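Below is one structure, written out as structure tokens; comments come after it.
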Amino acid sequence: MKKNGKHYGIIFLRLLRKAALLINIAACVWLLLCFMASIWDVGDKPSYLSLLSFSNVFAVFANIFCMAFWLFSKKKLYLLFSLISLGISYPIVKASFGFNLFNTERAENTELGLKVMTWNVHLFDLGEWTQNKQSKNKIVEFIERQDPDIVCLQEFYFDNDNPNEPYTEIF
């Protein structure tokens, strides 16, 4: 009886390793497809592959998890799959996590800077949802007080019939 139980345990561990290997290969392919999506020029021929670039952080974490799994198993050599795919896709890993292992230069702090402002202006209260007639003016005054170098306005529109509404000429 013990012999059968031991036999089933060995079969289970082998199946677990095979499943982990398949998951590891899938994670590697996922990461490499994310890398391909980052260098693919979608201007020539758009595809669904370009949407994978939104998931590259998760693909990196999946490969790191697989590396950790293989590190604590008998088949340590399998962690090379994830290590190689992370090495190949290093440019997107670096861009996603903001580190550079091979650069020793440090940026110096200077007083010069770029002030960026982003704001969802909700069509400058076009529908008067706030019930405040001064909300358009308050938005413009606030932006002028902040004096940003770059202004990004979400839900901004341009009226061809009246170019002064909503303050297109001011901006």
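The values are calculated or read from the model by the stated rules, or taken from the named source; none is laboratory data. All figures in this text were calculated on a predicted structure; none of them were measured in a lab. A quick note on method: Cβ atoms are made from the backbone with ideal geometry, for glycine too, and the neighbour counts reach across all protein chains shown. These accessible areas exclude ligands, DNA and RNA; they are computed on the full protein's heavy atoms, side chains included. Shrake-Rupley method; radii C 1.70, N 1.55, O 1.52, S 1.80 Å.
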Checklist entry - Simple spin-label model, 7 Å along Cα-to-Cβ: K115 to S38 in nm? => result 3.4 nm
Checklist entry - Taking a probe of 1.4 angstrom, what is the accessible area of K115 in Å², to the nearest 10? => result 90 Å²
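Assuming 0.36 nm per residue, please report the length gained on full extension of the stretch L123 to A26 beyond their Cα-Cα distance.
Numbers: separation 97, 0.36 × 97 = 34.92 nm, distance 4.47 nm.
Separation in residues times 0.36 nm, less the Cα-Cα distance, equals 30.5 nm.
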Checklist outcome for this item: Per its Cα gyration tensor (rounded if a/c is under 1.5, else prolate when a/b beats b/c, else oblate), the stretch 6-71 is best filed as prolate
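Just to make sure I understand: if all protein chains stay in place, what is the order of W70, W40 by accessible area at 1.4 Å, largest first? If you can, show how the numbers build up before the last one.
Working: W70 0, W40 105 Å².
Putting W70, W40 in descending order of accessible area: W40, W70.
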Checklist entry - According to a simple spin-label model (label point 7 Å from Cα along Cα-to-Cβ), what is the distance in nm between I150 and H7? => result 6.8 nm
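Between L71 and A19, 0.36 nm times their residue separation minus their Cα-Cα distance comes to what? All intermediate terms of the calculation are to be shown ahead of the outcome.
Numbers: separation 52, 0.36 × 52 = 18.72 nm, distance 1.60 nm.
Full extension of this stretch gives 17.1 nm more.
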Item to check | Solvent accessible area, Å² - D149, 1.4 Å probe, full protein context | outcome: 100 Å²
Checklist entry - How would C66, C152 rank on accessible area, largest to smallest, probe 1.4 Å? => result C152, C66
Item to check | Amide H contacts under 5 Å for V121, placed H, 5+ residues apart | outcome: Q154
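Which order do L21, L80 take when ranked by solvent-accessible area (1.4 Å probe, heavy atoms of all protein chains), largest first? Kindly include the intermediate steps, with their values, before the conclusion.
Numbers: L21 35, L80 75 Å².
Descending accessible area places them as L80, L21.
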